[in-house]
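Rule-based calculations on the coordinates, nothing more; no lab input. Being a predicted model, the structure only gives us computed values, none of them experimental. As a convention, Cβ positions derive from the backbone with ideal geometry for all residues, glycine included, and neighbour counts pool all protein chains shown.
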């Protein structure tokens, strides 16, 4: 595993010994950050079930302001710390050895722009984490996102009161599901509608070609 681009581009990351973690593939990670683009800059990120720290470190390399890493495994915590030192980001992150569910329940700090959830497979832990985040809206900043990384076979419907799925992408054995607060998505829809109405009014007599975002 390596850092794909940014300040620490090309740095190889240590892996956690054993088979208890599931680091994101370089292919899926590159696609994920391509989707986020410059949005990641100056954000606060929570990397739950941190493992190697690959997603949080990639975020820092691409300009994130701060990342909190959480993992219960002593080996994972030491691996994340070593990878942060190797990439020169130890002053822009904290690493906490704690159960991720307990962390979510206890946290009362600054809200996060991105919460990344990638727990061990086939234990239903992503559902529990997502439900906890859904029930504690102060965890997520305005226009923030929660991204869940699971194996496609783990996917199952989940009842949420505040968060809404707005995208999903599959890359081989990696399924990424994107969530945001319903009110934030509604605000985005209203802004898009307002923009479209304005464009129609101002360009009513313009016969140019339409420009579509990709």
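The stretch 149-166 and the stretch 66-126 have Cα centres separated by 21 Å.
The calculated 222 nm mean residue ellipticity attributable to helices in the chain amounts to -10500 deg cm²/dmol, summing -39500 (n - 2.57) over DSSP H runs of n ≥ 4 and dividing by all residues. The alpha carbon gyration tensor of the stretch 77-146 gives principal lengths a ≥ b ≥ c with a/c of 1.5 or higher and a/b no greater than b/c, which makes the shape oblate.
Here's the picture: a label point sits 7 Å out from the Cα of residue 42 along the beta-carbon direction, and within the stretch 86-100 the residues with their amide nitrogen under 19 Å of it are 92-93. Multiplying the residue separation of residue 136 and residue 122 by 0.36 nm and subtracting their alpha-carbon distance yields 2.6 nm. Sorted on the mean count of surrounding Cβ atoms within 10 Å across their residues, most packed first, peptides 152-158, 138-144 read 138-144, 152-158.
Extension gain for residue 25-residue 151 works out to 44.2 nm (0.36 nm per residue, less the C-alpha to C-alpha distance). Just checking the listed ones, 125, 36, 15: in the Gaussian network model of the chain with Cα springs under 10 Å, the one fluctuating most is 36. Treating r as the C-beta distance of residue 35 and residue 99 and R0 as 35 Å, the FRET efficiency rounds to 0.75.
Got the relative contact order for the chain handy, in percent, Cα pairs under 8 Å and 6 or more residues apart? Relative contact order, the chain: 16 percent.
For the pair residue 12 and residue 160, the difference between a 0.36 nm per residue extended length and the Cα-Cα distance amounts to 49.5 nm.
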